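Inspection log for the structure reproduced underneath, given as structure tokens.
The values are calculated or read from the model by the stated rules, or taken from the named source; none is laboratory data. The structure displayed is predicted, hence computed values, not measured ones. For neighbour counting, all protein chains shown are included, and Cβ atoms are generated from backbone atoms with ideal geometry for every residue, glycine included. SASA here: full protein model, heavy atoms, side chains in, ligands and nucleic acids out. Shrake-Rupley method; radii C 1.70, N 1.55, O 1.52, S 1.80 Å.
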Amino acid sequence: MSRILLIGNSHLAAFRTGWDTIRAAYPDVTIDFFAQPGPEYYHMTLNRKLSQFGAINEARFTPQQLERLDRFNGKRIVSLDGYDRIMVVGNQHGMADVLKLVAHRDVVGLRDTGAAHFLSRPAFDAVVDDIAASFMPHPAWERFSATPVTFHAIPRPAETAFDKVDRDSNVGRTYTKIEACTDGIKTALDQLADVFTHHMEAIGLRFLQQPQDTVNAMGFTKAPMNTELESFTGHSMPAKDFQHMNASYGAACLCAAYPDILPSRDAA
């Protein structure tokens, strides 16, 4: 029997509901989940002994946030002992920044919309590298060696975004420009994921990209994976949400990650 721990923010809901649909095919696997939806997820850390994760410093959380942790998980801290693999789900790696970059600027050899500003390809590459480097996980994970750790990319925006986004917002203006010309979007997002992967490998961490069969030709998540969304508490998500995905997405990610997050059977 293999024990796996998945920790993360609201994006973990797709993995939990996805696991419910496929767990029968993996009778030798147990997956536990520990989640804190919302920006307070980034206040959760490893303890000094690198044996626990969660609200290690409760002073960083409001009473309401601590109550949410109790309600979602039945506890505020999860022990990392006894797991064969750990996967972290939901960490940002710079997609919104790259989308804004390419929406408002042309890139030589990648995107030509007649924008007022443009970047050479070397300049674009350098900016993407800087963006990826700015989203590295908490340094404590570099020192964690008790169990192999994999970080999983958050989903790319759904292709339904163009119908759901508020066009009057700053984000909406970015998506309006992307909708007008989708050239280079997939290449830019693929490049960011590759660069982030290399940065993670340099510090001994593993990063899994979103499975390519969940992505459409322009680089966004396919529309069927953005329907019937559920939160970590089982409640439905807002109809305008194009950032979160459903159980079919979570199941696809888990199946693709299976060889990476499970220990080698040969070593068992």
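Below are the figures for this structure:
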| item | result |
| --- | --- |
| Total residues in segment 1-10, condition open to solvent by less than 50 Å² (accessible area, probe 1.4 Å), part of a strand (DSSP E or B) and not hydroxyl-bearing (Ser, Thr, Tyr) | 5 |
| Every residue from segment 80-100 that is touching a helix residue (DSSP H, G or I) at 6+ places or on another chain (Cβ under 6 Å), open to solvent by 10 Å² or more (accessible area, probe 1.4 Å) and either within 14 Å of residue 138 (Cβ to Cβ) or modelled with pLDDT of 95 or more (or both) | 97, 100 |
| Some residue of segment 196-214 being open to solvent by 10 Å² or more (accessible area, probe 1.4 Å), among the charged types (D, E, K, R) and either within 18 Å of residue 163 (Cβ to Cβ) or modelled with pLDDT under 90 (or both) | no |
| Some residue of segment 70-77 being over 29 Å from residue 187 (Cα atoms), in contact with a Leu (Cβ under 9 Å, 6 or more places away or on another chain) and surrounded by fewer than 18 Cβ atoms within 10 Å (Cβ to Cβ) | yes |
| Residues of segment 180-194 classified as closer than 16 Å to residue 92 by Cβ and open to solvent by 30 Å² or more (accessible area, probe 1.4 Å), total | 0 |
| Scope segment 34-61; condition farther than 17 Å from residue 89 by Cβ, aliphatic (A, V, I, L, M) and part of a loop (DSSP other than H, G, I, E, B); matching residues | 50, 55, 56 |
| Residue in segment 30-39 that is over 20 Å from residue 255 (Cα atoms) and acidic (Asp, Glu) present | no |
| Residue within segment 126-143 that is among the hydroxyl-bearing types (Ser, Thr, Tyr) and either open to solvent by less than 80 Å² (accessible area, probe 1.4 Å) or touching a Leu at 6+ places or on another chain (Cβ under 8 Å) (or both) present | no |
| Single match in 218, 225 (criterion: part of a helix (DSSP H, G or I), farther than 19 Å from residue 86 by Cα and open to solvent by less than 50 Å² (accessible area, probe 1.4 Å)) | 225 |
| Count of residues meeting criterion [of a type in the set (Gly, Ala, Ser), surrounded by fewer than 21 Cβ atoms within 10 Å (Cβ to Cβ) and under 14 Å from the mean Cα position of the chain (by Cα)] in segment 11-47 | 1 |
| Tally of residues being at pLDDT 80 or above and open to solvent by 50 Å² or more (accessible area, probe 1.4 Å) across segment 228-245 | 6 |
| Members of segment 102-123 that are in a helix (DSSP H, G or I) and either over 15 Å from residue 193 (Cβ atoms) or basic (Lys, Arg) (or both) | 103, 104, 121, 122, 123 |
| The one condition in (1) among the hydroxyl-bearing types (Ser, Thr, Tyr); (2) over 16 Å from the mean Cα position of the chain (by Cα); (3) within 16 Å of residue 73 (Cα to Cα) that residue 2 fails to fulfil | (3) |
| Residues located in segment 158-171, provided they are surrounded by 15 or more Cβ atoms within 10 Å (Cβ to Cβ) and of a type outside the set (A, V, I, L, M, F, W, C) | 159, 160, 164 |
